[in-house]
Structures are given as C-alpha cells and as structure tokens.
C-alpha cells in the first residue's frame, strides 16, 4: 500500500507532509533523525495518513498539499480524517 501522511511537531505545531510505500519504515527513519529537515523538530507524531493504490497518486496529493501551504486546510483534513478538497 502507498500513503500520503502528515506529521506534527508538538513544540511549534508545524506540519510535515510526505508520501511513501512503507509507512512504518518511513516513520522510523523520521523519528531516528535520518530526515535532515525533521531532525531539529523531533519528536514528531503521525496525525494523518491516507492510503492509495498507486504511489504516483500519493505523490500527486503530497505535492498538492505542500503547494497549498495552508495550516487551516491541513487541520481540517486531520480533523475530518480525509482529503475532501477536490484534489
């Protein structure tokens, strides 16, 4: 299965958006400090994930979410548990 996911840093309430074909491995990499961008933001928590049949689709949604750069939309997605914005 392939995923788009949102991580949250509890220190500054910032979000990180990513996609992967192995969410357990990717979260372990993030939490072990292997992701340079997230290293100073640790600890992080997974607050949202959505599965996709194709990794290509997950990557497309990841790019669209990153381009939005809108904290309120990300919070709505997390609260509702789904991506319902016509993406």
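The values are calculated or read from the model by the stated rules, or taken from the named source; none is laboratory data. This one's a predicted model, so the numbers in the text were calculated from it and none came from an experiment. Using ideal geometry, Cβ is built from the backbone for each residue, glycine included, and neighbour counts are taken over all protein chains shown.
Observations
- Residue count for segment 36-87, restricted to those that are under 17 Å from residue 20 (Cα atoms), in contact with a strand residue (DSSP E or B) (Cβ under 6 Å, 6 or more places away or on another chain) and assigned to a helix (DSSP H, G or I): 7
- From the list 77, 17, 44, 23, the one residue that fits, being in contact (Cβ under 8 Å) with a residue 60 or more places away in the chain and surrounded by 16 or more Cβ atoms within 10 Å (Cβ to Cβ), is 77.
- Against the numbered list (1) loosely packed, with under 12 Cβ neighbours inside 10 Å; (2) at negative phi; (3) at pLDDT 90 or above, residue 12 comes up short only at (3).
- Selection of segment 47-74 for residues being surrounded by 11 or more Cβ atoms within 10 Å (Cβ to Cβ), closer than 17 Å to residue 8 by Cα and over 11 Å from the mean Cα position of the chain (by Cα) yields 68, 70, 71, 73.
- Residue under evaluation residue 29, criteria (1) over 13 Å from the mean Cα position of the chain (by Cα); (2) assigned to a strand (DSSP E or B), criterion not met: (2)
- Condition met for residue 33 (in contact (Cβ under 8 Å) with a residue 12 or more places away in the chain, on the phi > 0 side of the Ramachandran plot and loosely packed, with under 15 Cβ neighbours inside 10 Å): no
- Residues in segment 13-26 that are under 15 Å from residue 74 (Cα atoms) and assigned to a loop (DSSP other than H, G, I, E, B): 13, 14.
Residue-by-condition table, conditions (1) closer than 13 Å to residue 83 by Cβ; (2) touching a helix residue (DSSP H, G or I) at 6+ places or on another chain (Cβ under 8 Å); (3) at pLDDT below 90:
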| site | (1), (2), (3) |
| --- | --- |
| 5 | yes, yes, no |
| 18 | no, yes, no |
| 46 | no, yes, no |
| 50 | yes, yes, no |
| 55 | no, no, no |
